[in-house]
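Taking it in order: structure first as structure tokens, then the write-up.
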Amino acid sequence: MLAQPVNAWSSLAFLLAGAWVLVLASRSADRRVELAVYGVAVASNAAGGMLFHGWQTEGARWVHDVAIASALVCSAAFGAARRWDRSTAWTIRAFGLALAVVGAVLASASSSTYAVYALLGVAAGLGEVLEIHRELPEIRRRGIPAERRALLGAAAAFALGMTAFFVGRTGGALCNPTSPLQWHAVWHVAAAAAMALYAAGRIAPSEARLRPREPG
């Protein structure tokens, strides 16, 4: 029997999102590996959610927390590689090393979970800010590329998800454990959508098509 059935089943949204990212990977010419790794990271949140909210087995909290961190680490590693013009191999090595460190930290100090999330979120977000700043001249000349519009959807979905997370958390304004509507489940679905849209808008597009043109 699942301890929190609504929150557990809603975690499967990450499995669907991860599968969709893997479809993108199968169609990608130059970002196949990055998309595949990111897709697996996204999908791993389904296992983490089912274990933590559903079966609540030993170690479920660690799996849940590392799964969330893996998507953030992947975004941060990809952003750093893009910014510094590093290879796919560098991206995967950076991802694996950073995730190993994060996993060890969460295993030794579970109370640091939100601090770790915040640090990874800032790292990933800073990479996006720098990249958008780099693209601004081209956006002013030609408008927002179709491939990048998905990022706006990702930002909107993430904002919705974070709102649901905070109002529905334990002690939150709309927290009601007996209600069939669980705001944490809304967070799961919105976060899964944001991850999928991020993959479509940032990782999947060919950098050759989207690189700003030199003036002249």
I'd like to check something: does the stretch 13-36 contain any residue that is more than 26 Å from Gly127 (Cβ to Cβ) and crowded, with 23+ Cβ neighbours inside 10 Å? no
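Going by the conditions given, is Ala193 closer than 19 Å to Leu12 by Cβ and touching a helix residue (DSSP H, G or I) at 6+ places or on another chain (Cβ under 8 Å)? It would help to see each step written out before you state the result.
Values: closer than 19 Å to Leu12 by Cβ: yes; touching a helix residue (DSSP H, G or I) at 6+ places or on another chain (Cβ under 8 Å): yes.
When the stated conditions are applied, Ala193 passes them.
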Any idea which of Val37, Val23 is among the β-branched types (Val, Ile, Thr) and without any contact (Cβ under 8 Å) to a residue 40 or more places away in the chain? Val23
Can you pull out the helices (runs of 4 or more DSSP H) entirely within the stretch 109-216 that have at least 2 residues that are crowded, with 20+ Cβ neighbours inside 10 Å and at pLDDT 90 or above? 113-142, 146-168, 183-198
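Here's the yes/no breakdown for (1) under 23 Å from Ile132 (Cα atoms); (2) touching a His at 6+ places or on another chain (Cβ under 8 Å); (3) touching a residue at least 40 places away in the same chain (Cβ under 8 Å):
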position: Ser44; (1), (2), (3): no, no, no
position: Trp55; (1), (2), (3): no, no, yes
position: Trp62; (1), (2), (3): no, no, yes
position: Ala77; (1), (2), (3): yes, no, no
position: Arg82; (1), (2), (3): yes, no, yes
position: Thr88; (1), (2), (3): yes, no, yes
Residues located in the stretch 37-75, provided they are acidic (Asp, Glu) and buried (at least 19 other Cβ atoms within 10 Å of the Cβ): Asp65
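The values are calculated or read from the model by the stated rules, or taken from the named source; none is laboratory data. This one's a predicted model, so the numbers in the text were calculated from it and none came from an experiment. Neighbour counts run over all protein chains shown; Cβ positions are idealised from the backbone, glycine included.
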